[in-house]
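The next block holds one structure in the form of structure tokens; read it before the comments.
The values are calculated or read from the model by the stated rules, or taken from the named source; none is laboratory data. Fair warning: this is a prediction, and the values are worked out from it, not measured in the lab. Every residue, glycine as well, gets a Cβ built from its backbone with ideal geometry; the counts of neighbours run over all protein chains shown.
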């Protein structure tokens, strides 16, 4: 197992395919498939999460397995490509996978998840945070191990209002993927609920080399917003922040968990006033001993410390699936779904998980708030939104993001 974990950390799980071919299923084993990117930009998210999932598998196997069976991981590289995702899902199911972990993003993980759905098998997104990563976009056998993007936006809005005194906001949406939209939907909903003055909405694309037009619109405001919520991921998110700071705009900058980590901070030297919600801290200051212990184990097994909050949902994926299997007393997909849907604030490594027959995702969950000051991120608080994000908000039915 340690070999598999090291491969995942290095982004070369494909080498595991050789090992997979030599694994013969028997009555003492059950195969769990990973249809996840080992190459392309999505590997930066799916790779660490896969490594954590493999640690969870090792933990379970070291205690005798699940329902008396050893969990055997098998892999297929989706190559950050939708067509390859569908092929990977079908391939792993053909090899006997009882369930699938699929890519961290809904758009890229859904094809593999749909392959599992057609066979009545469980699929769990490694860390996707769009409401479509579950019942709404795939079907009743699909779940996500992470927390909805809208909860991230809502958490920053409410924490900032209550703890920082923010009262005005500008919302900047990167329209490329559904995840980004979710962050903005959640922030907008919570901000309006609290009474923020929204000074403007604007849009850009992750690959845009310049957002000068958008920056000019912010500069033209009669007053600088207390916070600019940027709903994006890297590299586009970092470039947007760089251009905003280079223009002399000193507003606080909020974002989603996609802007976790310090690997990108060289793009914006000495960045201050940047806030993101994270399920756990990779900076050595998480208040929970279980997370600190996991961080040490992850580093020992992979050769590097966690560098993103997207590590943790991978562990949770196996953790919650195994709890449901034990509760159901079977690996059968329908029975495991039924067991998962009984979870109410079920404890996991980084908080709790709740599932219902209407939502296989988290519309309310605890977050740490991480602030970057002079280029150094650190935990400055924690927050759980006061009420769940409504379904209509998750689908953005109230919002139309254009410059105005």
- Message: Being assigned by TED's automatic domain parsing to the domain that holds residue 200, touching a strand residue (DSSP E or B) at 6+ places or on another chain (Cβ under 8 Å) and assigned to a loop (DSSP other than H, G, I, E, B): is that true of residue 166 here?
- Response: yes
- Provide a single number: the residues in the range 364-376 that are surrounded by fewer than 23 Cβ atoms within 10 Å (Cβ to Cβ) and within 17 Å of residue 153 (Cβ to Cβ). 4
- Note on the structure: Inside the range 174-190, the number of residues satisfying the requirement of being surrounded by fewer than 24 Cβ atoms within 10 Å (Cβ to Cβ) and part of a strand (DSSP E or B) is 0
- Message: Among the residues that make up the range 361-372, is at least one of them touching a strand residue (DSSP E or B) at 6+ places or on another chain (Cβ under 8 Å), farther than 25 Å from residue 136 by Cα, modelled with pLDDT under 95 and not assigned by TED's automatic domain parsing to the domain that holds residue 138?
- Response: no
- Yes or no: residue 392 modelled with pLDDT under 95 and surrounded by fewer than 20 Cβ atoms within 10 Å (Cβ to Cβ)? yes
- Message: Need the failing condition index for residue 215 against (1) at pLDDT 95 or above; (2) surrounded by fewer than 19 Cβ atoms within 10 Å (Cβ to Cβ), just the number.
- Response: (2)
- Query: Within the range 128-163, can you find the residues that are farther than 22 Å from residue 101 by Cα and in contact with a strand residue (DSSP E or B) (Cβ under 7 Å, 6 or more places away or on another chain)?
  - Reply: 152, 153, 155, 156, 158, 159, 160, 163
- Item | Given (1) touching a residue at least 12 places away in the same chain (Cβ under 8 Å); (2) out of contact with any helix residue (DSSP H, G or I) (no Cβ under 7 Å at 6 or more places or on another chain), index of the condition residue 232 fails | (2)
- Task: Tell me which of these residue 347 doesn't satisfy, since it passes every other one: (1) in contact with a helix residue (DSSP H, G or I) (Cβ under 7 Å, 6 or more places away or on another chain); (2) surrounded by fewer than 15 Cβ atoms within 10 Å (Cβ to Cβ).
- Result: (1)
- Item | Count - residues of the range 191-213 that are in a helix (DSSP H, G or I) and under 23 Å from the mean Cα position of the chain (by Cα) | 1
- Task: Exactly one condition in (1) within 25 Å of residue 166 (Cβ to Cβ); (2) assigned by TED's automatic domain parsing to the domain that holds residue 229; (3) under 20 Å from the mean Cα position of the chain (by Cα) is not met by residue 309; state its number.
- Result: (2)
- Pair list, Cβ < 8 Å and 6+ apart or interchain, from the range 325-346 residues that are outside the structural domain of residue 121 (by TED's automatic domain parsing) to residues that are assigned to a helix (DSSP H, G or I) and at pLDDT 95 or above: none
